[in-house]
Structures are given as C-alpha cells and as structure tokens.
C-alpha cells in the first residue's frame, strides 16, 4: 500500500497541467514519502489529457485516469479514489491556488491529531488568502448557506485542498450518489460528520490564479441546486 495518494480532478486545464503536476511531484518527493499522484481527466475538451500524459513521462509517481464525458468534481474524485492505494488520500485542485507544500502540513496534522479528515480552511484565523472581492462574497454567501442548512461546526467546506484517512472514504463514498459536481464537498463532509468522524480545519495560504476563468452562472446555479437537494434528502 502507498503511503499518500494525491487525487487531482482536472477539466480543461491543458495550459498549466503539465507544470502543475511536475510541481506537485517535486514538492512531495522532497519529503521522502511513498506517494502517487492520480490526475483524473474529467472529460476535458482541450489538451489536458495529452499534457497530463506528458507529465507522467517525467515522473513515475504520476498516473492519469481518463474518461470521455465531463462528469463533475465528485465523480472525478471517486474515480481517483477507486484507482488509488494510499493509506492517506488528498484532494487537490488542479489550478494550484493552494501550493502542494500545504498538503504535507495537513498530512502531518492528521497524523499528529488522529483526525479522520483535515480541511484546508480559508476562514481559519491563521489563513492568508488572496482572491478577488466577488469570489470572497460568493464564497462567504455559500458558506453561510451551508452553515444554515447543515449546522456543521466547520466553516469552509469548499476549499480545494483536503486530506482524508482511507478508512473514512471507504465508509462514506459508496453511499454517496446525490451530487457529482462541486456540492460533492458538502455531501462527503456531511456523511463523515454524521458518522462522528474527527474533522479539523487547518490554515492555508491561497493565491488566486489570475488567468482563471470566473464561475459560469450555470455552474453556480447547479451548486446551489445540488446543495438544497442534499439538505432535503439527507
């Protein structure tokens, strides 16, 4: 069994995915950890698959999983997990708003505290975040909605950096079918919380990728619709 599996869902990240994968690989390899990186190409319509395969040729730890049709972040993560072997599993956004060095700090926190899940939290008092005002407003608004609907004690469900014990994912993932997109983060944390999992928040440094596209209205509406659906079916 591998010590650490880093799952990276990716959709149309062709311009940056090669260098980002190499960065993740070099960062973790420097810590002398037995690891694997699983890039899940979520039906990209650009050259993400080709660039990810090119990166895998430069680093034996990088593996690429590919399917033809875009299915959403939740499906991509579950597919990555099914192809992983790590005792500890990380979720990392492909754009590297969060530098992968933070994964190692979060892994250490999980091991030291005995937690089942460590969430990178933008709202931790020690976090340093740099992202646009509109995104801050949307993020805060969604965090408020999640708090109102689910009463969970942590503040940031959506950050693209989390570390899990394998056992908790084996317990909660098989029963999760309601959300396939970005609301997946809420559903997985809610399922773990209901099982009394030990979940902690960890400070992060977020540096917004300047050339990243904004959130399409359809995606925002789908996120809210999926979230409401989780609430009334949970």
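Taking the Cα centre of each part, how many Å lie between segment 1-74 and segment 104-120?
Segment 1-74 and segment 104-120 have Cα centres spaced 22 Å from each other.
From the C-alpha coordinates alone, can you work out the Kirkwood hydrodynamic radius of segment 6-76, in Å?
Numbers: mean 1/r = 0.0834 Å⁻¹.
One over the average 1/r among Cα pairs gives 12.0 Å for segment 6-76.
What translational diffusion coefficient, to the nearest whole µm²/s, does segment 15-144 have by Stokes-Einstein, given a Kirkwood radius computed over alpha-carbon pairs, a temperature of 10 °C and 1.306 mPa s viscosity?
On the way: Rh = 16.3 Å.
Answer, rounded: 98 µm²/s.
In the chain, what % of DSSP beta bridges are antiparallel (nearest 5)?
Numbers: 8 of 34 bridges.
Once the DSSP bridges in the chain are tallied, antiparallel ones form about 25 percent.
Taking Rh as the Kirkwood radius, which is the inverse of the mean 1/r over Cα pairs, what is the Rg/Rh value for the chain? Could you put the intermediate results ahead of the total?
Working: Rg = 16.5 Å, Rh = 17.8 Å.
Ratio value, two decimals: 0.93.
FRET efficiency for residue 22 and residue 87, Cβ-Cβ distance as r, R0 = 25 Å, nearest 0.05?
0.55
Under the Kirkwood approximation applied to all pairs of distinct alpha-carbon atoms, what is the hydrodynamic radius of segment 132-186 in Å?
Hydrodynamic radius (Kirkwood, Cα pairs) of segment 132-186 is 12.9 Å.
What is the chain's relative contact order, in percent, from Cα pairs under 8 angstrom and six or more apart in sequence? Could you put the intermediate results ahead of the total?
Numbers: 420 pairs, mean separation 53.7, N = 234.
Averaging sequence separation for qualifying contacts and normalising by length gives 23 percent for the chain.
Compute the FRET efficiency between residue 113 and residue 3 as 1/(1 + (r/R0)^6), taking r as their Cβ-Cβ distance and R0 = 22 Å, and round to the nearest 0.05. Present the calculation step by step, with values, prior to reporting the outcome.
Details: r = 18 Å, r/R0 = 0.80.
Taking R0 as 22 Å, the efficiency between residue 113 and residue 3 is 0.80.
Readers should treat all values here as calculations from the given coordinates under stated rules, not as data from a laboratory. Note that the structure is predicted; figures quoted are calculated from it, not measured. Here Cβ is always computed from backbone atoms with ideal geometry, including for glycine, and neighbour counts include all displayed protein chains.
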